[in-house]
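The values are calculated or read from the model by the stated rules, or taken from the named source; none is laboratory data. Owing to the predicted nature of the structure, the values given are computational and were not obtained by experimental measurement. Here Cβ is always computed from backbone atoms with ideal geometry, including for glycine, and neighbour counts include all displayed protein chains.
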Amino acid sequence: MNATASVLVSLSIFPLLLSACGKDVAAPTEKSYRFAETIIIGTAEQKQSDSYSGEIHARHETALAFRIGGKITERLVDAGTTVKTGQVLARIDATDASLQKSSSAAQLKMVEDDLLRNRELRDKGFISQAVLDAKESSYKVAKSQDELARNQNAYTNLEADHAGIVLVALADIGQVVSAGQPIFQLAQEGEREVLVAIPESRFATLKIGMPAEIELSTDGSEALKLYSGRLRELSPAADAASRTYAARVTITNADAQIALGMTARVRFGVAKKSGGQLVPLSALFQQGDKPAVWIVAQDGSVSLRMVKVAAYLDEGALLEDGVATGERIVSAGVHKLAQGEKIKIVENGKTK
């Protein structure tokens, strides 16, 4: 090796020796922490947001019909009429019924007179007891037929069986109707309900008796009035055409402003359990077969804690045990963390 090469090697090694021997020459770089989105327990909204459109109905709605067939001669009420119990709503032609009533009354009178004569004859011994028994039977048959004819004559008047409002009139004067054919739809006085259709995806989340909130525009303006209610009835079978389940929600604080046929919005609430807290589903970390969350300490370090889930909802998981109000947990990226790791706290997209 020539002299020039030796000098170059010495110059290249010299800085390395200085860096190895010197102290505090370069300051160590600050450790970088992972950024993690977090939330504070107790700030999440614990209420379902799903709402359903429905229509106000009476709890009891009755189809009124004549018990015999005939031609309608009078219709005394229209849709929207308020009626009382026993009020006559319509009549059918009573000519045939009246003739039947007169005929049966005459037949009964004849049989009754014949029975009285035969009783006198039996008392005198002119006829046997068997003959008198036959006359007694004939009288009973004639009396039953007369009572039936009287009833048939009374059925020519269609009366309201309860007080309420006529929702719709289904027949008019001159129309020939059959027995049992609906003539009026009557909404009885009393409770008011909202009839809603529940989709298949939400059927399993609803339970009879659960609370509900009803929104109505009762004064014709855009302002909504809130009423409370409860789920009274939920059909166990879906409608064949719409594939939805009919549900009836009773309005527990109904007032006179609620009219039949109004459009309403219904929201079903989730009752908060004692100590229960709602957290995002993304905050859950599966530790084996048990759910857990990452608790964030004051110094930013995280630790895994087992929790008990009361219910899984669209809005998140309702925790029954394991966390307390005011604690901070990691709400996203939970599978990237390690026990004791320190993080940079992010809340609502901002670094703390």
Query raised in the report: Wholly within region 56-105, which strands (runs of 3 or more DSSP E) include no fewer than the required count, namely at least 3 residues that are under 34 Å from the mean Cα position of the chain (by Cα) and crowded, with 16+ Cβ neighbours inside 10 Å?
Result: 61-65
Query raised in the report: If you take just the strands (runs of 3 or more DSSP E) that sit entirely in region 280-352, which of them hold at least 2 residues that are more than 40 Å from the chain's Cα centre (by Cα) and either touching a residue at least 12 places away in the same chain (Cβ under 8 Å) or surrounded by 15 or more Cβ atoms within 10 Å (Cβ to Cβ) (or both)?
Result: 302-306, 343-347
Query raised in the report: Can you tell me which residues in region 239-255 are touching a Ser or Thr at 6+ places or on another chain (Cβ under 6 Å) and either surrounded by fewer than 18 Cβ atoms within 10 Å (Cβ to Cβ) or of a type in the set (Gly, Ala, Ser) (or both)?
Result: 246, 252, 253
Report summary line: Flagged pairs (Cβ under 7 angstrom, 6 or more apart or on separate chains; first in region 64-86, aromatic (Phe, Trp, Tyr); second surrounded by 13 or more Cβ atoms within 10 Å (Cβ to Cβ) and in a strand (DSSP E or B)) are 66/92; 66/158; 66/177; 66/183
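Counting only residues that are aliphatic (A, V, I, L, M) and under 13 Å from the mean Cα position of the chain (by Cα), how many does region 239-256 have?
Applying the first criterion (aliphatic (A, V, I, L, M)) to region 239-256 yields 240-241, 246-247, 249, 251, 254, 256.
Filter once more, keeping what is under 13 Å from the mean Cα position of the chain (by Cα): 246-247, 249, 251.
Going through region 239-256 one residue at a time, the tally reaches 4.
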Report task. Test residue 206 against the stated conditions and say whether it is modelled with pLDDT under 95 and within 24 Å of residue 102 (Cβ to Cβ). Result -> no
Report task. Mind counting the residues in region 324-349 that are of a type outside the set (S, T, N, Q) and closer than 30 Å to residue 203 by Cα? Result -> 1
